[in-house]
Amino acid sequence: MPRNNKMCGILNIRRMRFLTFTIFFIFFVLSTLAQPYFSKQYSWVNVQQAKKIIQNDSLYILGSDFVNMSTNLWVSCNLKVDMDGNNWNRTDYVGTYIESNARDILKYGGNNFFFVNSAKNLNTGEGFSWFLFLNENLGVENTISSEALANQTYCASLTNDNQILTGGWILKPSQSGFHLYLTKLDPISGDVLMDTTYSNLYTPFTLSWIQDITATPDGGAYLLATINNGGFDGDISLIKIDSLGNWQWHQIYDIGAGLWDSQDFAGYIKITQDGGVVFTGHKSPYIQYYGEIFKLNADLTVQWHSEEHFYNGAPCGIIELADSCMVVGGFGVLPQTSGSMRGEIVKLDKGGNTLWKRTYGGNKNDYFYDAIVQNHDYSGKSGYVLCGRTESNLPPGRADAWLVRLNCMGLLTKPEALFSHTVLAGSPPNVITFINQSQYVYPDSIDGGFYRWSWGDGTPPFVCGQGYEPCGGSLPSHTYQTPGIYGVTLTAIVCNDTATYTQYVCAGNYSPGAQASFVAEDFGGTVFFANTSQNAHFDQTGISIWDFGDGSFPSYETHPHHTYAENGSYTVTLTVVVCADTSVYTQEVVVQTVGISEIPSSEGFGVGSLQVYPNPAQNTLTFERVSKSPLGDLGVTVDLGVSFYNLTGQTVLQTTLAAGETHKTVSVAHLPEGLYVYVVEDGGAVLAG
């Protein structure tokens with residue numbers, strides 16, 4: 001049989017100057033947007049942990065400590081981590097003859113930080129407080145220590161006049177017992193402005209301490225304390241003081257009342273939007289722990305009290321949302337974990353009822369010590385960030401600092417939009433039913449997401465899920481008034497995350513008049529096929545089915561290539577299916593070059609009577625005639641038409657090398673980077689490069 005008159009070429013258009021940028025940009029988008037939620041671990045020695053977290057612009061600062069492997073002593077440090085949990089660095093704070101543990105960190109005076117540590121003098125064995133005033137790079141600008149006094153500090157708060165309050169305990173030689181201890185510091189000079197003990201709540205020779213502190217708008221503060229902790233008892237006390245440290249009000253909460261051997265421990269405190277207070281604690285009867293959450297009204301009466309969470313564990317960071325719901329982090333033991341701790345986060349409605357509870361961690365002990373809301377905007381849609389310590393999936397005796405960022409539902413997942421469609425039996429062909437196959441949206445759950453269906457025909461979208469009508473279990477359907485091809489887009493929205501998926505549907509037995517056709521060219525037994533079908537809509541619903549005539553599996557690519565084992569004549573069939581049309585085109589393809597190498601070079605691509613270069617191309621492409629072709633000597637007496645197709649079968653460029661022209665250069669700068677098929681023909685013959 002004669003050689004096939006239609007030949008094709010494959011052209012690669014590259015933009016080398018922009019390639020590196022494009023790859024970087026795509027990587028950047030994937031690394032920062034595709035996975036905004038994470039669980040990250042940080043390790044540099046055997047044991048490290050993150051105690052407190054604050055957000056500073058686009059960074060997280062983690063007040064942390066670790067065990068020095070050479071001395072086996074605790075060392076305080078700060079981790080600076082970007083908001084993707086990456087690119088972290090550490091600043092250590094090592095004192096002379098001391099070991100120290102991180103307790104609290106706060107930001108003051110722009111980009112300065114106040115770092116609270118409990119320390120121990122290794123020579124005397126006495127505990128003392130160690131305060132570090134840090135600059136924006138976490139370098140030490142000033143220090144205050146109280147080695148002359150046996151004391152420990154656990155917490156700090158910034159007052160409305162930019163002074164720093166700290167709280168803990170102190171043991172004075174002239175007095176018995178461990179006293180609640182409060183100081184006020186000038187962050188500029190480091191001077192101690194106030195030094196106060198509170199003695200009228202504790203029993204002598206028992207341990208009492210201020211666990212947390214929050215300044216009030218009037219210049220005073222609330223102190224949350226554990227009092228009378230003597231090994232078999234202990235209560236929680238909430239104390240209100242004025243700007244001078246004077247005692248104004250207090251209340252004792254015996255949350256373990258009636259339980260033998262019950263110790264109560266104070267947790268963390270926040271002032272709420274309504275002028276009230278929310279605080280946490282835990283009780284310890286029978287060597288177990290039970291977390292407690294109290295919400296007080298503005299008059300400091302109990303509004304609600306929740307004790308359903310953090311079994312055998314303790315709550316930590318408190319977040320109040322704009323709608324007065326509460327999110328509380330912490331840790332506890334799950335019944336199925338054989339005594340191992342898990343990080344926990346729970347959301348309560350404004351009445352203290354549980355909306356949801358999530359747990360995190362692995363096969364060993366995992367703890368959350370602090371929690372914040374992302375960006376501190378309190379929108380309820382920004383998600384939560386927690387820090388702590390994880391031992392899971394590590395050798396015995398190991399622990400890593402732990403940072404977890406979650407969405408507003410307390411999940412690590414982003415929504416994924418996906419659907420399929422069908423015409424149900426008995427339904428008219430213009431009524432399309434859609435099967436929603438999306439994941440991680442939870443439209444019918446508390447804090448869940450919602451869906452927006454855009455039908456592509458100009459009619460209003462259908463929205464269901466949180467804030468809209470329930471999605472339920474029914475399949476949405478849509479009726480199209482005019483037959484045609486329509487792009488349907490499903491948008492899934494959860495918290496601040498959006499995912500979209502678009503699929504084209506054929507409605508109403510639409511027939512676009514598809515006509516299958518192709519051209520082929522043989523290179524060393526590998527035949528390249530250019531799909532030149534008309535009205536096939538390959539970028540929408542049209543599909544190609546190729547039978548290469550040699551008994552091999554069919555291909556569904558738009559522009560495939562196929563390698564034949566032997567020379568010969570093969571009947572190749574292309575079936576194009578689009579909407580209500582099925583078009584079949586058959587052509588005999590002669591393979592004569594098995595074992596003969598004839599492939600595109602980096603300099604150009606020549607077939608028949610035409611040379612095409614460069615390949616790959618960047619901004620321009622040149623067609624140049626050669627004297628001979630397999631069809632004879634055409635010289636320069638005929639017009640040569642050139643058609644470019646993308647890999648979806650669309651015609652993207654057409655030009656003509658007129659009779660008498662030996663070469664022609666065309667611009668391809670407007671074409672996106674990628675592979676293209678081009679066809680060259682002279683009316684009766686097709687000469688492709």
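The values are calculated or read from the model by the stated rules, or taken from the named source; none is laboratory data. Fair warning: this is a prediction, and the values are worked out from it, not measured in the lab. Quick reminder, even Gly has a Cβ in these numbers, built from the backbone with ideal geometry, and neighbours come from all protein chains shown. Just the protein is used for accessible areas: all its heavy atoms, side chains included, with ligands, DNA and RNA removed. Shrake-Rupley method; radii C 1.70, N 1.55, O 1.52, S 1.80 Å.
Inside the range 92-108, residues that are open to solvent by 40 Å² or more (accessible area, probe 1.4 Å), modelled with pLDDT of 95 or more and of a type in the set (V, I, T) make up a count of 0.
The number of residues in the range 540-580 being under 43 Å from the mean Cα position of the chain (by Cα), acidic (D, E) and assigned to a strand (DSSP E or B) comes to 0. Exactly one residue among T498, T489 is within 30 Å of N407 (Cα to Cα), at pLDDT 95 or above and either hydroxyl-bearing (S, T, Y) or open to solvent by 30 Å² or more (accessible area, probe 1.4 Å) (or both), and that residue is T489.
Of the residues in the range 526-535, none is outside any strand (DSSP E or B), closer than 30 Å to V373 by Cβ, out of contact with any His (no Cβ under 7 Å at 6 or more places or on another chain) and open to solvent by 30 Å² or more (accessible area, probe 1.4 Å).
Filtered by the rule that a residue be open to solvent by less than 10 Å² (accessible area, probe 1.4 Å) and more than 33 Å from the chain's Cα centre (by Cα), the range 109-158 gives S118, A119, F128, S129, L132, F133, N151, T153. Cβ-Cβ below 7 Å, separation at least six or inter-chain, first residue in the range 345-361 and within 24 Å of F38 (Cα to Cα), second of a type in the set (A, V, I, L, M) and modelled with pLDDT under 90: which pairs? Going by the 7 Å Cβ cut-off, the qualifying pairs are L355/I446; W356/I446; T359/L334.
Name the single residue, out of those in the range 192-225 being modelled with pLDDT under 90 and outside any strand (DSSP E or B), that is most open to solvent (accessible area, probe 1.4 Å). The residue in question is F205.
Does T359 fit the bill of being among the polar types (S, T, N, Q) and under 23 Å from A492 (Cα atoms)? In short, no.
Of the residues that make up the range 100-107, is at least one more than 37 Å from the chain's Cα centre (by Cα) and in a strand (DSSP E or B)?
Scanning the range 100-107, I find no residue that is more than 37 Å from the chain's Cα centre (by Cα) and in a strand (DSSP E or B), so the answer is no.
Scanning the range 466-486 for residues that are part of a loop (DSSP other than H, G, I, E, B) and either buried (at least 16 other Cβ atoms within 10 Å of the Cβ) or touching a Cys at 6+ places or on another chain (Cβ under 7 Å) (or both) returns Q466, P470, C471, P476, Y480, P483.
Contact map, the range 370-386: residues that are at pLDDT below 50 paired with residues that are in a strand (DSSP E or B), Cβ distance under 6 Å, separation 6+ or inter-chain. No pairs are found.
The number of residues in the range 273-288 that are surrounded by fewer than 22 Cβ atoms within 10 Å (Cβ to Cβ) and either of a type in the set (S, T, Y) or at pLDDT below 80 (or both) comes to 5. Scanning the range 168-191 for residues that are open to solvent by 50 Å² or more (accessible area, probe 1.4 Å), under 19 Å from F115 (Cα atoms) and either aliphatic (A, V, I, L, M) or at pLDDT below 85 (or both) gives a single hit, I188.
Of all the numbered requirements in (1) open to solvent by less than 60 Å² (accessible area, probe 1.4 Å); (2) of a type outside the set (S, T, Y); (3) in a strand (DSSP E or B), R452 misses one, and that requirement is (1).
Before we move on, is V626 at pLDDT 60 or above and touching a strand residue (DSSP E or B) at 6+ places or on another chain (Cβ under 7 Å)? Yes; evaluated as a whole, the condition is true for this residue.
Within the range 410-423, residues that are under 12 Å from Y451 (Cα atoms) and among the aromatic types (F, W, Y) have Cβ atoms under 8 Å from residues that are open to solvent by 60 Å² or more (accessible area, probe 1.4 Å) and modelled with pLDDT of 95 or more in these pairs: F419/Q437; F419/Y501, counting only partners at least 6 apart in sequence or on another chain.
Mind checking which residues of the range 44-91 are over 25 Å from N393 (Cβ atoms) and either open to solvent by 60 Å² or more (accessible area, probe 1.4 Å) or in a loop (DSSP other than H, G, I, E, B) (or both)? Result: D57, S58, S70, T71, L73. For the range 327-358, the set of residues classified as open to solvent by 20 Å² or more (accessible area, probe 1.4 Å), more than 26 Å from T272 (Cβ to Cβ) and either at pLDDT 90 or above or not polar (S, T, N, Q) (or both) consists of L334, P335, G339, M341, R342, listed by residue number. Listed by first and then second residue, the pairs linking a residue in the range 301-326 that is without any contact (Cβ under 8 Å) to a residue 40 or more places away in the chain and open to solvent by 70 Å² or more (accessible area, probe 1.4 Å) to a residue that is of a type in the set (S, T, Y) and not in a loop (DSSP other than H, G, I, E, B), with Cβ atoms under 6 Å apart and 6 or more places separating them unless they lie on different chains, form an empty list. In the range 552-576, the residues that are at positive phi form Cβ pairs under 8 Å with partners that are open to solvent by less than 20 Å² (accessible area, probe 1.4 Å) and modelled with pLDDT under 95, at six or more places apart or across chains, as follows: G568/V591. Looking only at residues in the range 647-678 that are surrounded by 12 or more Cβ atoms within 10 Å (Cβ to Cβ), of a type in the set (V, I, T) and not in a strand (DSSP E or B), which one is modelled with the highest pLDDT? Top of the filtered list is V668.
Confirm whether T571 is buried (at least 17 other Cβ atoms within 10 Å of the Cβ), β-branched (V, I, T) and more than 19 Å from I596 (Cβ to Cβ). No, not satisfied.
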